[in-house]
1. Please give the helix 438-451 orientation as an angle from the longest Cα principal axis of the chain, in degrees from 0 to 90, rounded to the nearest 10.
2. For the range 348-386 and the range 14-52, what is the separation of their C-alpha centers, rounded to whole Å?
3. Need the list of lysines near residue 469 for cross-linking: C-alpha distance under 22 angstrom, and skip anything on the same chain fewer than eight residues off.
4. Using alpha carbons only, how many degrees (0 to 90, rounded to 10) separate the axis of helix 205-219 from the longest principal axis of the chain?
5. What distance in nm separates the two pseudo spin-label positions at residue 344 and residue 92, each 7 Å out from Cα along the beta-carbon direction?
6. Among 177, 288, which comes first, second and so on when ranked by fewest other beta-carbon atoms within 10 Å?
7. Which shape class, rounded, prolate or oblate, goes with the range 16-70 when its Cα gyration tensor gives a ≥ b ≥ c as root eigenvalues, a/c under 1.5 marks rounded, and past that a/b bigger than b/c marks prolate?
8. Dividing the convex hull volume of the Cα atoms of the range 356-428 by its residue count, what figure in Å³ per residue is obtained?
Amino acid sequence: MSESVISSSAPTTSGPSGWNLENSYAHLPAMLHEHLDPTPVKEPRMVVFNHALAQTLGLNGASLADQAAIFAGNELPDGAEPLAQAYAGHQYGNFTGLGDGRAILLGEQITPTGERFDVQLKGSGPTPYSRRGDGRAALGPMLREYIISEAMHALGIPTTRSLAVVTTGEKVFRQESLPGAVLTRIAASHIRVGTFEWATAHGDKEALRALADYTLKRHYPERATAEAPYLALLEGVMERQARLIAQWQCVGFIHGVMNTDNVALSGETIDYGPCAFMDAFDPATVFSSIDRNGRYAYGNQPQIAQWNLARLAEALLPLLHADEKQAVEIANAAIEGFKVTFEKHWLAGMRAKLGLFTEEAEDRALIESLLVWMREQKADFTNTFRSLSEAGNTMFNDDPAFAVWQAQWQARLKLQHQSADEVQEHMRAHNPAVIPRNHKVEEALAAASERGDLSVMQRLLEALAQPYKDREAQAAYRAPSGLAPGAYQTFCGT
Ligand code: AMP
Ligand code: MG
């Protein structure tokens, strides 16, 4: 393995704002990034600042919440070495060169506990990778990313997070003129499947190796010393992706744009574009307005994840074996294992949702027959599982098909020794009462974007912060939109 660029020296002491930035990514081979500063904006103004996240990062929220200029890119925090990252990607199956077209990595914040997180500005102006884009972002989509990523975090699902959103005092032009904004995104890293594809597509084996070594050291240190470290890397990424997608499936989350440039090697959910949570259960559900063939529909997510991992395996071929034929065999064997790994995580997640502590051979059939019933009934995904978790629930008592299933479930519960209370408590911890319902998210964004009223979003964020608790204040966030399935559309090119 080549010398790693992640310094293992003791963290430097931080200033009054708490910035403690390192720039390990900046020292990777030059073909992986372009050094440039964010483009200043006219009038930075703080819209939302995440004090809880600031604290875990070791940042002084009380002082930084007033420093919109930093989160707009007008001023740089101490220690920043800004850069745009290069990457490629398979978008809807087609390979393209991409890169950060509207984002700048400021550096990596080292937290008081020694963890390393990327601090990235999104919407920070044009870069060499902008192609025809303006490098900017509109307020609505940046607030949307803030809301959904924080909701995912509260649900216990690995995700990038949102530290701040500022408005720029400038307009951006999409179909219409919209207020411009910059989001500060915090991520374990922004290394994507597409980053590896970029290095391999350029035939730069040294950059590929440096990137792989860096990723191993940063995200999979326990695998860096394996006999075959690059195969171990691939297997580690597969394991985390399998677990992540299983978690998405268990809460009805639809990413919407699972291109390889939107798959993070860290195993975090990244790039909240046309994503949304499903209301009525239907595996064919798609929200993205441009996903006409349903490539990224709910029910396709596991297969697409495997397809994306096959692209990672392809990019890693030069490192897997000197002989290409043997490298392909190694890669194929690894990728085939995805299905089994995914099933393991999915079954574990679904068992928890049904209060099953033990494993029985019939569990899969029991889960699947509930899902068939839910699909036929167009049952609300979140509320169905949550109501099963509630004592004395009578939601579906008049449905004979449900009664048959419920009798099977009750019989299954008797095969384990846990009490009814324990079962319900377990189920409530795995079946959220509150998810970011599409109409509630839209309501919050409209109030913020059109009227400058942030109170609607603040109340929504509070409800989403404790999704497994069912407090009185959250009742208003539990009802489905009432929209016909398929009526809600989300948009790319945000
Ligand atoms: P996304 O669909 O957000 O994953 O972005 C796909 C690619 O398009 C990435 O390389 C982005 O940096 C780039 N991109 C998206 N929006 C813009 C924009 N407004 N200006 C420049 N590049 C953009
Ligand atoms: Mg992207």
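Computed from the coordinates by the stated procedures, all read-outs in this text should not be read as laboratory data. Every value quoted in this text rests on a predicted model; they were computed, and no experiment measured them. All Cβ positions, glycine included, derive from the backbone under ideal geometry; neighbour counts span all protein chains shown.
1. 40 degrees
2. Going from one Cα centre to the other spans 44 Å.
3. Cα-Cα hits under 22 Å: 353, 440.
4. 50 degrees
5. Calculated label separation equals 3.6 nm.
6. Lowest count first: 177, 288.
7. oblate
8. Dividing the Cα hull volume of the range 356-428 by its residues yields 86 Å³.
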